[in-house]
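Okay, so here's the structure we're looking at.
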Amino acid sequence: MKQLLLSLLLLLLANTLSAGVWNSPHNTDQPSENILFTSFSSPVKHLDPVISYNSAEWGIIGQIYEPPLQYNYLKRPYVLEPATLTAMPEVHYLDKNGQTVDVTSKNIAFSEYIFHLRDDIRFQPHPSFVKDTEGRQRYAKLTGDELDDITSLDDFALNDSRLLQANDYIYAIKRMAVRQNHSPILDSMMAYIIGLKDYSKDITNKVKALKKDKKIVDLRSSEISGIKQLDPLTFSIRIKGVYPQFLYWMSMNFFAPIPWEADLFYQQAGLKEKNLTLDSFPVGTGPYYLAENNPNKQMRLVANPNFHTELYPSLSPEEQKASGVPDEMLVDSGKPMPFIKEVIYSLEKESIPLWNKFLQGYYDSSGIASEAFDQTINISTTGAMGLSPEMEKRGITLRSAIVPSIYYMAFNMVDPVVGGYSESNQKLRQAISIAIHYEEYISIFRNDRGIAAQGPIPPGIFGYDDSLAGHNNYVYDSVEGKSERKPIAYAKQLLTEAGYPNGTSSKTGKPLTIHYDATSAGPDQRAQLDWMRKQFKKLGILLVIRNSDYNRFQDKIRNGSTQMFMWGWNADYPDPENFLFLLYGGNAAVDTGGSGINSSNYKNPEFDRLFDQMNTMENSPERLAIIQQMLEIARKDSPWIWGFHPKSLGLYHHWFGNAWPNQMANNTMKYKRIDDKKRRDLQSQWNQPVLLPIIVFFILIIGIIYPLLRAYRKRQAFVIQTQ
């Protein structure tokens, strides 16, 4: 018996030692070779590119779908390049009669973009492409018996594919026009694409009738007047006037191609009931396809066997220097992508467990939770961020990037106290702008994850200038070649000149009181609001916080009943127009029934004139000169306290290659690579099982059981002897 117990103990230890990494949170039956392990924090709801406008969702569908254009992975500032096209789109300018005119003509009524597709791009394998002997969709009319045996796409016996065609892009825009599909950009695109508004109205009514009769909606026979197929691999889109930013939209998933076969296939009621829809299982031409969709546990992407040839980008020495790209990011230049065979997304609702699993090597990359910031980051006396010794010892890499966003504090320019355009009004806002010490705010509340803004345009966007020439000289001084916030004494001087010496009105003798509208009063927000009051107190100004729910706050913005508030904007596309239009008078909220995006209601005629001139220009020295004039006007008027541009921080294990932050691109997985041998070796090293407690436990068990067994055997022997 003793030998048996010892044998069981040795067998257990042998199994434990041979199990490798025994506490992996991932499926141990799944081979880990060339697989990227990552996570998502909440269930993904929409994977239909017409519907989705969520960064987490785009992080998945961006690997599956291919719009005509994409952002160069490495170059900065951000640059568009062909994705499925042979070259960048041609653009022709037309007068009202449809005759071609020069780009400098004052008679331009339309711009026409022509897209030439590559002839080697195929869709992923999918049952919707399977044809019967007569060339019809094999699975277009599934019977009840056939549906009984189907629970996933894997249950279909056959898959097929076909080449990408121009009509697939046109079909996608038709789907966008159907109101029942709830595309968030339909109204924006109707303002530009010729015929889209009329088509949307007509097709929406037809779809309503078809759905009422429970019929399949086939959009192939309908036409949008401004969109034409010129040949199987060429299509054109005609838009109103001149709008060069239209090309940025063509890099978004809304314009990804949708094969009509997949649309009709997924409309079958029997598949909808099984949650097999275009919204849950996309069909694209991208480097990956969705093999598993369990939004409450795991999602899995697998390399598309039909993916066309695409090579990792190269840069000239000049481009590399301008973009700040390290040499190790160019090792794979010219090699075919994707490098990773499979991507597994696991649901992780809590940040601390996710962080611990990253440190154990079970996730290949991670953000930095606030609770782990001090453990992870060292900040030097010069403000530079670096990794802690613990992180460096693990071979972790830190990469940071300024997000093309801005968070700002706005003055309501129609308010009688803080608004207006007189010199005294300007000086009041300039004084407050100096007093609100955003460098301190970033340090205290954002762990130094951000930079103070000098205007509305963030880094990485044409028109941003990080030199001293580009700083806001109404708030900052140049001191020994560095930009320093002006002293509070100067702000008080401006306040006196504005008619408020020591924060008291020279007209009424009453203290200046300003109301700040906020939408939350939680513990973190209360600390920030207390800090804000102290900033105003430095000038003798009383700041009164007015809390309300978000709906009430939006109402105040729409009707112009605020004085000051915090707001923000994320880039839709990397063009200065996408930020400067936040200050364009024609977009003022109070003049547009609340629909305008100019929430501060700023209206300067010269700024607006320059905006109209700059808006339709290509990036050039001439455009840059106009932008600089606009920035000078806005800085002097100070409708915003310019706030800050947030900084994203990413941590990567050193086996995770080609991880380069790109804040505009959504299709970055194909560029990355994994060294699985390094990962497995370090996972094993970092997660060695602690066997001593197990051994001690079993010895104790043996120590307890063995005497009992021995006593039992003696008793049995005694009983036998006495019989």
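The values are calculated or read from the model by the stated rules, or taken from the named source; none is laboratory data. Model, not experiment: these values are computed from the prediction. Note: ideal-geometry Cβ built from the backbone for every residue, glycine included; neighbour counts use all protein chains shown.
A few points about this structure:
- Wholly enclosed strands (runs of 3 or more DSSP E) of the range 414-519 bearing at least 1 residues without any contact (Cβ under 8 Å) to a residue 60 or more places away in the chain: 476-479, 482-485, 513-518
- Any hit, the range 108-124, residues being crowded, with 18+ Cβ neighbours inside 10 Å, outside any loop (DSSP other than H, G, I, E, B), touching a Pro at 6+ places or on another chain (Cβ under 7 Å) and in the same structural domain as SER225 (by TED's automatic domain parsing): yes
- Test: residue in the range 613-622 that is under 16 Å from PHE411 (Cα atoms) and under 27 Å from the mean Cα position of the chain (by Cα): no
- Among residues of the range 197-216 that are outside any helix (DSSP H, G or I), those with a beta-carbon under 6 Å from a residue that is surrounded by 13 or more Cβ atoms within 10 Å (Cβ to Cβ) at least six positions away or on a different chain give the pairs ILE216/LEU264; ILE216/GLN267.
- So SER595, is it more than 30 Å from ALA489 (Cα to Cα) and over 28 Å from the mean Cα position of the chain (by Cα): no
- Of all residues making up the range 254-300, the number that are closer than 20 Å to GLU57 by Cα, among the aromatic types (Phe, Trp, Tyr) and outside any strand (DSSP E or B): 4
- Matching option when the condition is surrounded by fewer than 15 Cβ atoms within 10 Å (Cβ to Cβ), of a type in the set (Gly, Ala, Ser) and either at pLDDT below 95 or out of contact with any helix residue (DSSP H, G or I) (no Cβ under 8 Å at 6 or more places or on another chain) (or both), among ALA56, ALA83: ALA56
- Residue in the range 422-431 that is of a type in the set (Asp, Glu) and either assigned by TED's automatic domain parsing to the domain that holds PHE373 or over 30 Å from ALA625 (Cβ atoms) (or both) present: no
- Any hit, the range 290-310, residues being surrounded by fewer than 14 Cβ atoms within 10 Å (Cβ to Cβ), in contact with a Pro (Cβ under 8 Å, 6 or more places away or on another chain), modelled with pLDDT under 95 and polar (S, T, N, Q): yes
- Failed condition for ALA87, given (1) assigned to a loop (DSSP other than H, G, I, E, B); (2) touching a residue at least 60 places away in the same chain (Cβ under 8 Å); (3) within 21 Å of LEU311 (Cβ to Cβ): (2)
- Matching helices (runs of 4 or more DSSP H) fully within the range 550-617 where at least 2 residues are modelled with pLDDT of 95 or more: 577-580, 605-615
- Within the range 567-620, if we keep just the residues that are free of Cβ contacts under 8 Å to residues at least 24 places away in the same chain and acidic (Asp, Glu), the residue that is surrounded by the fewest Cβ atoms within 10 Å (Cβ to Cβ) turns out to be ASP612.
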